[in-house]
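Single-structure report; data block below.
The values are calculated or read from the model by the stated rules, or taken from the named source; none is laboratory data. No experiment lies behind these values; they were computed from the predicted model shown. Counting neighbours? That spans all protein chains shown, and the Cβs are built from the backbone with ideal geometry, glycine included. Note: areas computed on protein heavy atoms with side chains; ligands, DNA, RNA excluded. Shrake-Rupley method; radii C 1.70, N 1.55, O 1.52, S 1.80 Å.
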Amino acid sequence: MSLPQEENVQSFPVLPLKNTVLLPYLFMPLSAGRPGSVAAVEAALANEEKTLVLFAQRNADDDKLSEESLYQVGTRAVIKKMQRSEAGVEVLVQGIERVALIKLEQSEPFLKARVRPLPLPDDGGTEVEAIYRAILDLAKRVLELSQPQAQIDISQLAAQAQGPIQMAYLMGSMLGLDVAKEQALLEAPTRVEALRLLHGYLSHEVQVLELRAQIANTAQNEMNKQQRDYLLRQQMQAIQDELGEKNPEKAELDELRRKLKEADLPDEVRKESERELTRLERIPPASPDYQLTRTYLELIVELPWKKSTEDVLDLVRARQILDEDHYGLEEVKERILEHLAVMKLNPSARAPILCLVGPPGVGKTSLGQSIARALGRKFERLSLGGMHDEAELRGHRRTYIGAMPGRLIQGIRRAGVNNPLLMLDEVDKLGRDFRGDPAAALLEVLDPAQNSTFRDNYLDQPFDLSRVFFITTANTLDTVPRPLLDRMEILTLSGYSEEEKLQIARRYLVPRQLSQSGILPEKLELPDETIRRIIGRYTREAGVRQLERALGRLTRKVALRFAEGQDHSVSIKPDELANLLGPERFRMERARHQAIPGVATGLAWTEAGGEVLYVEATLLPDGRGVRLTGQLGDVMRESAHAARTYVWAHAAQLGIDPALFRNAGVHVHVPAGAVPKDGPSAGVAMATALASIYSHLPARADTAMTGEITLSGLVLPIGGVKEKVLAARRLGIRRVILPADNEKDIVDVPELARREMEFIFAERIEDALLAAIPGLAPRLQEVTAQV
Ligand SMILES: Nc1ncnc2c1ncn2[C@@H]1O[C@H](COP(=O)(O)OP(=O)(O)O)[C@@H](O)[C@H]1O
Ligand SMILES: [Mg+2]
């Protein structure tokens with residue numbers, strides 16, 4: 001293959017250039033010190049034309065040169081003068097023409113390259129003319145600004161030059177450009193491009209020079225060191241800006257300044273933040289204080305000081321939304337609507353603080369979201385669980401390392417408005433220790449008289465929380481500090497019955513899981529028995545959280561089958577669950593059918609809902625006193641003692657041999673796992689178990705009981721009636737003894753369950769014992785008859 005310029009390809013010695021580029025037409029003095037360079041000069045001088053080629057090195061530190069280490073476009077030059085020196089040789093060269101490197105032919109004793117000429121096309125015409133004139137103007141300006149004394153006449157120079165390109169190369173070499181830029185000028189493939197490049201370089205130069213002049217003018221006053229640093233930095237930034245080399249800190253500060261200007265801030269906050277910003281501009285970006293202050297200002301800018309959403313107070317729509325999102329919970333919904341009604345009638349009234357109480361998974365959080373949706377408010381939640389340190393709520397002062405705003409302010413920032421619905425989860429799990437009492441801080445937050453000027457330690461500016469709609473949640477009220485309780489409106493969500501869970505699953509959980517797994521509803525059928533089996537054997541909870549998770553697992557498994565190619569729709573039978581969900585997690589709890597003396601069926605209320613627990617009593621012949629086992633709390637122990645004292649005191653009445661109390665001890669055990677149990681409501685069950693063991697009469701296995709007792713024999717009311725009744729029913733127990741004062745709570749029990757169950761309301765312990773231990777009745781009657 002023959003190249004067009006084949007005849008022009010020639011070999012020349014190479015003089016590699018460090019830190020500079022020789023442009024055609026121009027003269028340049030050079031000193032060659034490296035042995036290879038000296039040899040190249042010698043070789044050039046040996047030929048008639050004294051010609052060599054010069055290529056700039058890509059990297060000046062490179063001493064072992066190869067094709068890759070040189071730019072591929074260079075200049076053919078002739079040596080005009082030469083003089084030996086101690087260091088090597090001094091030469092004066094003149095650039096002749098551009099050449100392209102084809103190949104390095106030899107590297108020892110000097111580099112030798114095959115090159116071909118690279119003439120510029122005769123392009124442009126008027127365009128060249130136009131840019132050229134602009135360049136001349138710019139060049140004049142550069143000279144005026146940079147060397148006012150040197151009287152260089154550009155027009156004269158131009159007249160002497162052999163045309164635009166020669167002039168361009170000349171000016172390019174005068175600008176002191178870095179190698180890459182100068183090389184780019186050399187490599188420009190057309191005249192127009194070369195001139196454009198130069199035009200760009202010159203305009204930058206003009207801008208830099210103008211700025212420098214301007215700064216010099218303003219910086220004439222006496223300056224202390226700090227001011228000078230500041231100005232230098234300004235100068236550097238101005239120059240960087242103009243060169244388009246924005247430095248990131250400057251860009252950040254500009255952005256901050258802009259945002260501060262645009263933010264709608266209270267006057268006091270604006271003043272303070274402007275002070276901080278001015279300070280920030282003087283801090284070196286590398287100092288830690290810089291980051292701290294910047295982060296702080298970003299918070300100020302982002303906080304919704306005056307931004308809020310408009311409330312939608314349409315009660316019909318609100319009811320619709322609450323119903324849409326949640327099954328049942330009629331009473332709670334009603335109370336919520338009442339609150340909204342108050343807000344509507346009296347908009348200036350402070351937003352109410354609601355407290356949703358109930359076991360996990362009963363829908364507290366999602367109710368909160370629903371209320372927010374109904375009101376058209378933003379929703380944010382923050383968990384107070386395990387919070388010991390007041391600073392978590394209120395933030396650390398900025399002087400602390402790693403200081404941050406407290407959770408409340410963070411929540412507000414996330415919400416982006418100052419009137420979100422803020423859900424404070426787990427108020428019952430607030431801790432307290434030497435670092436302060438978060439409950440006290442919370443009190444202030446929830447107090448309408450104080451929260452309009454809430455002060456976060458980090459923010460250090462009052463923030464108005466009075467428009468926030470606070471909702472708190474708790475699993476139990478027992479551990480919520482009293483003053484906090486007083487401030488809240490309590491709404492109780494008790495657990496769900498199996499029917500309710502089934503409905504919730506059908507209407508909400510299953511459709512949601514199907515859509516999350518990407519399964520069309522008609523593709524997967526979950527019959528009621530299947531869902532019931534999941535509820536009964538894969539979950540044990542008052543809410544529906546485990547249920548939702550199990551349904552999620554199930555639908556994902558089925559989705560996998562579809563993904564693997566199955567395309568007919570499926571219906572999952574209860575028996576297939578073992579394959580899909582693994583072995584059943586809970587054995588069907590079953591009521592104990594066999595009634596033996598000493599066992600009573602109690603009902604307890606835990607944070608997770610209601611539970612059946614058996615109280616077992618055994619006599620210890622030759623023993624003494626009462627022994628209690630089964631992880632019982634103090635209150636439960638006390639009720640065991642009270643029960644024994646009561647039975648002992650009424651031994652004669654109950655037909656029990658009083659000698660038993662003197663000659664035998666009793667052991668009371670409450671099995672059912674290692675679950676810690678406490679509370680006074682097992683009193684009736686304790687008394688029943690003891691009466692049963694001392695009298696050798698079994699208590700009915702189909703009867704569960706709950707109630708606190710007093711030594712005088714009264715049965716006092718207890719909490720959690722609905723959960724307890726549902727727990728009994730889950731085990732197939734259909735008869736429940738309750739304190740008489742709890743009769744009013746029966747309405748809470750879902751109707752279906754209520755209809756199936758028999759309730760006995762006991763006013764005194766004897767009422768309960770009679771109902772629980774059938775054998776006692778004749779004896780009690782006998783005793784009564786004797787009296
Ligand atoms: N009555 C209900 N109707 C529909 N879905 C419910 C109901 N109760 C609970 N859920 C659903 O159960 C899940 C758990 O509820 P969540 O609000 O997290 O409970 P909590 O906050 O009380 O622990 C959510 O997906 C919620 O939507
Ligand atoms: Mg929750």
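I'd like to know which of Gln183, Leu603, Gln546 lies farthest towards the positive end of the charge dipole of the chain, counting +1 on Cβ of Lys and Arg and -1 on Cβ of Asp and Glu.
Leu603
What figure in square angstrom, to the nearest 10, would you give for the accessible area of Tyr614 with a 1.4 Å probe?
Its accessible surface works out to 20 Å², give or take rounding.
Taking the 0 to 90 degree range and rounding to the nearest ten, how far is the long axis of helix 330-345 tilted relative to the main principal axis of the chain, both from C-alpha atoms?
60 degrees
Counting only protein heavy atoms and using a 1.4 Å probe, what share of the accessible area of the chain belongs to carbon plus sulfur, as a whole percent?
On the way: 19380 of 38860 Å².
Solvent-exposed carbon and sulfur of the chain make up 50 percent of the total.
Would you mind getting me the FRET efficiency between Glu262 and Arg335? Use the beta-carbon distance for r and R0 = 35 Å, nearest 0.05.
Numbers: r = 42 Å, r/R0 = 1.20.
Computed FRET efficiency for Glu262 and Arg335 comes out at 0.25.
Calculate, for the chain, the solvent-accessible area per residue in square angstrom, rolling a 1.4 angstrom probe over the heavy atoms of the protein chains. Mind showing how you got there, number by number?
Working: 38860 Å² over 787 residues.
That works out to 49 Å² per residue.
Report, in debye and to the nearest 20, how large the dipole of segment 63-161 comes out about its Cα centre when Lys and Arg carry +1 and Asp and Glu carry -1 on their Cβ. Working shown, then result.
Details: 13 positive and 15 negative charges, 65 e Å.
Roughly 320 debye, rounded to the nearest 20.
If packing is taken as the average number of other Cβ atoms within 10 Å across a peptide's residues, how do 308-315, 286-293 rank, most packed first? Intermediate values should be presented prior to the final figure.
Details: 308-315: 15.2, 286-293: 13.2.
Descending packing order for the listed peptides: 308-315, 286-293.
Towards the positive end of the charge dipole of the chain, with charges on Cβ (+1 Lys, Arg; -1 Asp, Glu), say which of Asn663, Leu195, Ser85 has the farthest Cα.
Of the listed residues, the answer is Asn663.
Given a cut-off of 20 Å, name the pairs among Lys333/Lys364; Lys523/Lys557; Lys307/Lys378; Lys501/Lys523; Lys18/Lys64 whose C-alpha atoms lie farther apart than that in the structure shown. Mind dumping the intermediate values first?
Values: Lys333/Lys364 12 Å; Lys523/Lys557 13 Å; Lys307/Lys378 12 Å; Lys501/Lys523 23 Å; Lys18/Lys64 13 Å.
In this structure, Lys501/Lys523 exceed 20 Å between Cα atoms.
Quick one: Cα convex hull volume of the chain, Å³ per residue? Before the final figure, lay out the partial values.
Working: hull volume 260.9 nm³, N = 787.
Given the Cα convex hull of the chain, per-residue volume reads 332 Å³.
Can you tell me the 0 to 90 degree angle between the C-alpha axis of helix 35-46 and the longest principal axis of the chain, rounded to 10?
30 degrees
Mind listing the long-range amide H neighbours of Val99? Cut-off is under 5 Å, sequence gap 5 or more, other chains count too, H placed in the peptide plane at 1.01 Å from N.
Gly74, Thr75, Arg76, Leu118
Could you give the length gained on full extension between Ile215 and Arg414, defined as 0.36 nm per residue of separation minus the Cα-Cα distance, in nm? Before the final figure, lay out the partial values.
On the way: separation 199, 0.36 × 199 = 71.64 nm, distance 4.30 nm.
Extending this stretch completely gives an extra 67.3 nm.
Projecting each Cα onto the charge dipole of segment 252-405 (Lys/Arg +1, Asp/Glu -1 at the beta carbon, about the Cα centre), which of Val332, Val312, Thr278 comes out farthest on the positive side?
Among Val332, Val312, Thr278, the one farthest towards the positive end of the dipole of segment 252-405 is Thr278.
Given Cα pairs under 8 Å that are at least 6 residues apart, what percent is the relative contact order of the chain? Numbers along the way, then the final one.
Numbers: 1381 pairs, mean separation 56.3, N = 787.
Relative contact order, the chain: 7 percent.
Nearest 500 deg cm²/dmol is fine: what mean residue ellipticity at 222 nm does the chain get from its DSSP H runs of n ≥ 4 alone, each adding -39,500 (n - 2.57), divided by its residue count? The partial results should precede the final answer.
Details: 30 runs with 341 residues, N = 787.
Helix-only estimate at 222 nm: -13000 deg cm²/dmol.
Using a Cα-Cα cut-off of under 20 Å, which aspartates and glutamates could be cross-linked to Lys573, ignoring same-chain neighbours fewer than 8 residues away?
Straight-line reach from Lys573, under 20 Å: Glu498, Glu499, Glu522, Glu525, Asp528, Glu529, Glu548, Glu584.
Check the straight Cα-Cα distances from Lys250 and name the lysines below 24 Å, setting aside those fewer than 8 residues away within the same chain.
Reachable lysines: Lys225, Lys259, Lys261, Lys271.
Might you report the magnitude of the Cβ-based charge dipole of segment 277-405 about its Cα centre, with Lys and Arg at +1 and Asp and Glu at -1, to the nearest 20 debye? List each step's numbers first, then the result.
On the way: 19 positive and 18 negative charges, 98 e Å.
Magnitude of the dipole: close to 460 debye.
Round to a whole angstrom and tell me the spacing of the C-alpha centers of segment 687-710 and segment 465-501.
Each part reduced to its Cα centre gives a spacing of 34 Å.
Within segment 607-664, report the trypsin sites (Lys or Arg not before Pro) that DSSP leaves as loop and that have at most 12 other Cβ atoms within 10 Å.
Arg624
Rounded to the nearest 0.05, what FRET efficiency do Asp63 and Phe27 have when you use their Cβ-Cβ distance and R0 = 22 Å?
Values: r = 27 Å, r/R0 = 1.22.
That pair, Asp63 with Phe27, gives E of 0.25.
How tilted is helix 126-146 with respect to the longest principal axis of the chain? Cα atoms for both, answer in degrees (0 to 90, nearest 10).
Helix 126-146 sits at roughly 90 degrees to that axis.
Calculate the dipole size of the chain relative to its Cα centre from +1 charges on Lys and Arg beta carbons and -1 charges on Asp and Glu beta carbons; express the result in debye to the nearest 20.
Values: 100 positive and 112 negative charges, 261 e Å.
Dipole of the chain, to the nearest 20 debye: 1260 debye.
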